[in-house]
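What follows is a set of notes on a single structure, which appears directly below.
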Amino acid sequence: MNLKDCHNFSDFRKLAQKRLPSPIFHYIDGAADDEVTYARNTSAFDDVDLVPNVLRGVEEVDLSTTIFGKKLDLPFYLSPTALQRLFHYDGERAVGKAAKKFNTMFGVSALATVSVEEISSMIDTPKMFQFYFHKDRGLNDSCLERAKAANFDVMALTVDTITGGNRERDLRTGFTSPPKLTLASLYSFATKPMWGINYLTKGKFELPHLQDFVKEGTDVNSSIGNYFSTMLDQSMNWKDAENLCSKWGGHFALKGIMSVEDAKRAVDIGCTGIMVSNHGGRQLDGSRAPFDQLAEIVDAVGDKLDVICEGGIHRGTHMLKALSLGAKACSGGRLYLYALAAGGQAGVERALEKYKAELVRDMKLMGCTKISDLNRSNLRFRK
Amino acid sequence: MALKDCYNFNDFRNLAKKKLPSPIFHYIDGGADDETTLKRNTEAFNQCDLVPNILANVGKPDLSTTIFGKKIDMPIFLSPCAMQRLYHHDGDKASARAAEKFGTFYSMSTMANNTIEEISNISGGPKLFQLYVHKDQSITDDLIDRCKRSGFNGMCLTVDTLVAGNRERDHRTGFTTPPKLTLQSLMSFASHPSWVFNYLTHGKFKLANVASKTDKGTNIAKSVIEYINEQYDPSMNWKDAEYCVKKWNGPFALKGVMSVDDAKRAIDIGCTAIMISNHGGRQLDGSRSPFDQIKAISDAVGDKLEIILDGGVRRGTHVLKALAAGAKACSFGKIFLFSLAAGGQQGVEHLLRNMHDEINRNMVLMGCKNLKELNSSKLIYRN
Ligand SMILES: Cc1cc2nc3c(=O)[nH]c(=O)nc-3n(C[C@H](O)[C@H](O)[C@H](O)COP(=O)(O)O)c2cc1C
Ligand SMILES: Cc1cc2nc3c(=O)[nH]c(=O)nc-3n(C[C@H](O)[C@H](O)[C@H](O)COP(=O)(O)O)c2cc1C
């Protein structure tokens, strides 16, 4: 199997599984507890059906949408995800260039393995910086200043990682970052030699946004759960978010909102967008799926800020359903991460190409030529 | 596989399966008939979703709750389960000590292998006694008097075992108590030599609390089913229950209430609590699961007595959902018996620690400071 055999989400996933040492694959692929929420994030889309209109003349389809004041050529973008150089040695460089090619937003994690400065010198298309609220205020200021200086368009504060989720696959595989060779994982690393060679020869593994602030340096093995639980500030509250929002002074989003109440407060503190998200099911298992919760939130705040439906998206039709409910855009992590692991920049580009082709085809089948043609009359919920 | 590799229900179950002769494993693991209710008890939790609040600055959440007049450190406790000596040679002593360590209830079954007095001597923690109404009323009276003298905090009367359920696995494995060596079971006992060794060398197996009152079911090979059918009074009615409530004259629950009407009658006869339960799916197959039924019951009587959800609980988030739906606490049987079989007192402590950490982590992710904040607004049922 190689890249040209990958036609959909699960193909990319399979190829990624072949290429990656198993602790790394399972870090991407896994979620919290019994992974019930993770499964629901996708199956939620199947409880509603699309109702097409015919005979509308649909030869030209415009997929563009505007979020955070930026026009994107696609109605979805790439969620910020950590540690991309573990998945492919080009990491954020590959993902950023692919995003640029399709003119969509590139989300860069606080735990990125390539610096904001380098990314900004590489791509001039829309960029979002994902912020974690650390105990170390100096570290927070530095992240903010650097993202601002690097001309990032949006700041997204992640609010659903107050403590680390219970990712049992990582407990079993002993996943740490950077990867540590334990007896249990050794076998898996040994059977994926290409990954090992690339990892060791293509530059040192670092977390450039953190390294000046972590005494031991960021090449010390630590689990992600440990990072959340020890470095992030659990006392983070609405005031902190508000201060950050005004300090940033530009487009600002809260990532990980699930309740209507919190969505309204996001408006009050000056956010221009929110990601309805449960972190891809990686935090609170048993929590509600973004798509299940979307309509309520759009009804409450959809006219006041950009509502983004994040997580569980495997298909163009999933995006059409979310957009029909009133999301301004969709976003996802795994929808490009497996492709990154499978084939670097070429992999991500192939994935984006596939989703784009699906969207165009499905828009035509729906009888729609632009995103604003989609609305709730296109949907029927099964009871 | 060892105790330290046990993160969840399946892990404990697998380890218990390795350690126990198969008739004993299946006695714990099995349910009635086709085990549909057994499965539904856990699946029911997946039909609704938690909705977290963000930026709530919860600090260290308070997990304490008060049931049977006792404040306990977390909202989960050990259900009464028969014959724990079969699962580990320390039996009820192990369970009682572990529960005390975590500041929560241990419950003693009428069919325990230790006496009421033995357990109250080794544990000063909260204790609940589970009563069966015997045909010979002097047995019932004797049990109540002894519990009172021994400082038990509460009493529950099990009302869902008027006849024994049809546990087909036990028919097949030839499960009897004490275990009888049949040709079928011989192989399995022979292949678990350390269980057999411990079982034979750690004191005689008896139903300690009723041993002096009956010669049946204690040291002759007799199936539990036969015992239930011979000793327990199938004509037990509301008057009998009321008699027990009065005689005990303290915190009292009916265990096995499923209908709203019966919950109301429990108030009338003076109960302070009910345990919504179908006996872990071991009695009437096809009956409703506790979680499916809790909302109706809590709407009707939640302000008048304490509701305990018993059955199907495997995860911290299950506990959170039950509390949001109106329970004051949950209890569990199988998962704790597996942990007991897996590692005795240490095993149960390992389970309780996992459970405590899960509940704590998920409270933080929910943005809840205490259990009162878990109300129905945090729970959304799908359609
Ligand atoms: C491997 C991986 C790493 C992630 N790292 C981050 C991160 O550093 N910061 C963040 O806010 N979200 C992170 N996320 C969550 C994503 O931004 C996004 O919410 C999630 O992937 C959406 O679900 P999906 O994967 O089903 O699309 C990560 C997700 C994955 C799968
Ligand atoms: C092996 C075993 C023995 C049990 N013995 C008793 C008992 O003696 N008295 C009683 O009231 N309930 C008994 N139960 C039922 C439990 O108290 C509890 O209702 C049930 O296990 C809850 O379901 P769960 O196993 O899914 O947590 C027993 C359950 C099991 C699994």
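Inside the stretch A:339-378, residues that are polar (S, T, N, Q) and crowded, with 16+ Cβ neighbours inside 10 Å make up a count of 3. Put simply, of B:Leu340, B:Leu371, B:Leu309, B:Leu352 the only residue that is away from chain A (no Cβ under 12 Å), within 15 Å of ligand 2 (Cβ to nearest atom), in contact with a Ser or Thr (Cβ under 7 Å, 6 or more places away or on another chain) and of a type outside the set (S, T, N, Q) is B:Leu340. Check whether at least one residue in the stretch A:107-117 is surrounded by fewer than 20 Cβ atoms within 10 Å (Cβ to Cβ), aliphatic (A, V, I, L, M) and farther than 23 Å from A:Asp29 by Cα, and report yes or no. Looking through the stretch A:107-117, none of the residues is surrounded by fewer than 20 Cβ atoms within 10 Å (Cβ to Cβ), aliphatic (A, V, I, L, M) and farther than 23 Å from A:Asp29 by Cα. For the stretch B:227-275, residues that are among the charged types (D, E, K, R), over 20 Å from the mean Cα position of the chain (by Cα) and not in a helix (DSSP H, G or I) total 1. Where residues in the stretch B:281-306 are of a type in the set (Gly, Ala, Ser) and part of a loop (DSSP other than H, G, I, E, B), which of them is farthest from ligand 2 (Cβ to nearest atom)? Once the filter is applied, the top-ranked residue is B:Gly302.
Note on the stretch A:265-296: among residues that are part of a helix (DSSP H, G or I) and out of contact with any helix residue (DSSP H, G or I) (no Cβ under 8 Å at 6 or more places or on another chain), the one that is farthest from the other protein chains (Cβ to nearest Cβ) is A:Asp268. Can you tell me which residues in the stretch A:230-264 are surrounded by fewer than 20 Cβ atoms within 10 Å (Cβ to Cβ) and within 9 Å of chain B (Cβ to nearest Cβ)? Listed by number, the residues that qualify are A:Gln234, A:Ser235, A:Asn237, A:Trp238, A:Lys239, A:Asp240, A:Val260, A:Glu261.
Out of curiosity, is B:Asn362 within 14 Å of chain A (Cβ to nearest Cβ), away from ligand 1 (no atom under 16 Å from the Cβ), surrounded by fewer than 24 Cβ atoms within 10 Å (Cβ to Cβ) and polar (S, T, N, Q)? No; evaluated as a whole, the condition is false for this residue. Of all residues in the stretch A:274-324 being basic (Lys, Arg) and more than 11 Å from ligand 1 (Cβ to nearest atom), which is surrounded by the fewest Cβ atoms within 10 Å (Cβ to Cβ)? So the residue we want is A:Lys304.
Condition check ((1) in contact (Cβ under 8 Å) with a residue 60 or more places away in the chain; (2) assigned to a helix (DSSP H, G or I); (3) not charged (D, E, K, R)) across all residues:
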{"position": "B:Gly312", "(1), (2), (3)": "yes, no, yes"}
{"position": "B:Phe336", "(1), (2), (3)": "yes, yes, yes"}
{"position": "B:Leu340", "(1), (2), (3)": "yes, yes, yes"}
{"position": "B:Gly347", "(1), (2), (3)": "yes, yes, yes"}
{"position": "B:Leu352", "(1), (2), (3)": "yes, yes, yes"}
{"position": "B:Arg361", "(1), (2), (3)": "no, yes, no"}
{"position": "B:Cys368", "(1), (2), (3)": "yes, no, yes"}
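Which residue, of A:Ala322, A:Ala329, A:Ala300, is touching a strand residue (DSSP E or B) at 6+ places or on another chain (Cβ under 7 Å) and closer than 21 Å to A:His251 by Cα? Exactly one of A:Ala322, A:Ala329, A:Ala300 is touching a strand residue (DSSP E or B) at 6+ places or on another chain (Cβ under 7 Å) and closer than 21 Å to A:His251 by Cα, namely A:Ala329.
Taking strands (runs of 3 or more DSSP E) as the structural unit, those lying wholly within the stretch A:1-73 and holding at least 2 residues that are crowded, with 18+ Cβ neighbours inside 10 Å and more than 16 Å from ligand 1 (Cβ to nearest atom) correspond to A:70-72. When B:Ala324 is tested against (1) within 14 Å of chain A (Cβ to nearest Cβ); (2) farther than 30 Å from A:Gly165 by Cα, only condition (2) is not met. May I ask you to verify whether A:Leu86 is within 11 Å of ligand 1 (Cβ to nearest atom), within 16 Å of A:Val348 (Cα to Cα) and assigned to a helix (DSSP H, G or I)? For A:Leu86, the condition - within 11 Å of ligand 1 (Cβ to nearest atom), within 16 Å of A:Val348 (Cα to Cα) and assigned to a helix (DSSP H, G or I) - is met. Scanning the stretch A:160-181 for residues that are in a loop (DSSP other than H, G, I, E, B), of a type in the set (Lys, Arg) and within 14 Å of chain B (Cβ to nearest Cβ) returns a single hit, A:Arg167. Taking the stretch B:1-79 as the region of interest, the strands (runs of 3 or more DSSP E) fully inside it that hold 2 or more residues being farther than 15 Å from B:Phe336 by Cβ and away from ligand 1 (no atom under 16 Å from the Cβ) are B:48-50, B:65-67, B:70-72.
Quick check, is B:Lys101 of a type in the set (Lys, Arg), under 30 Å from A:Gln234 (Cβ atoms) and within 14 Å of chain A (Cβ to nearest Cβ)? Criteria not met by B:Lys101. Looking across the stretch A:27-46, the residues that are within 8 Å of chain B (Cβ to nearest Cβ) and touching a helix residue (DSSP H, G or I) at 6+ places or on another chain (Cβ under 8 Å) come down to A:Asp33, A:Val36, A:Thr37, A:Arg40. Put simply, of A:Ala346, A:Ala341 the only residue that is assigned to a helix (DSSP H, G or I), touching a Leu at 6+ places or on another chain (Cβ under 6 Å) and under 23 Å from A:His88 (Cα atoms) is A:Ala341. A single member of A:Lys101, A:Lys135, A:Lys148, A:Lys97 is more than 16 Å from ligand 1 (Cβ to nearest atom), in contact with a helix residue (DSSP H, G or I) (Cβ under 8 Å, 6 or more places away or on another chain) and within 14 Å of chain B (Cβ to nearest Cβ), and it is A:Lys135. Taking the condition in a strand (DSSP E or B) and in contact (Cβ under 8 Å) with a residue 12 or more places away in the chain, does A:Ile313 pass? No: the conditions fail for A:Ile313. Pairing each residue of the stretch A:341-366 that is within 16 Å of A:Leu50 (Cβ to Cβ) with any residue that is at pLDDT 95 or above and in a helix (DSSP H, G or I), provided the two are 6+ apart or on different chains, yields C-beta distances under 6 Å for A:Glu358/A:Gly316; A:Leu359/A:Gly316; A:Asp362/A:Gly316; A:Asp362/A:Thr317; A:Asp362/A:Leu320. From the list B:Asp136, B:Asp160, the lone residue that is within 12 Å of ligand 2 (Cβ to nearest atom), in contact with a Lys or Arg (Cβ under 9 Å, 6 or more places away or on another chain) and among the acidic types (Asp, Glu) is B:Asp160. Taken over the stretch B:30-77, residues that are aromatic (Phe, Trp, Tyr) and closer than 30 Å to A:Thr158 by Cα amount to 1. Scanning the stretch A:144-155 for residues that are in contact with a His (Cβ under 9 Å, 6 or more places away or on another chain) and crowded, with 22+ Cβ neighbours inside 10 Å returns A:Ala147, A:Val154, A:Met155.
The values are calculated or read from the model by the stated rules, or taken from the named source; none is laboratory data. Quantities reported herein were computed from a predicted structural model and do not represent experimental measurements. When we count neighbours, we look across all protein chains shown, and the Cβ atoms used for this are built from the backbone with ideal geometry, even at glycine.
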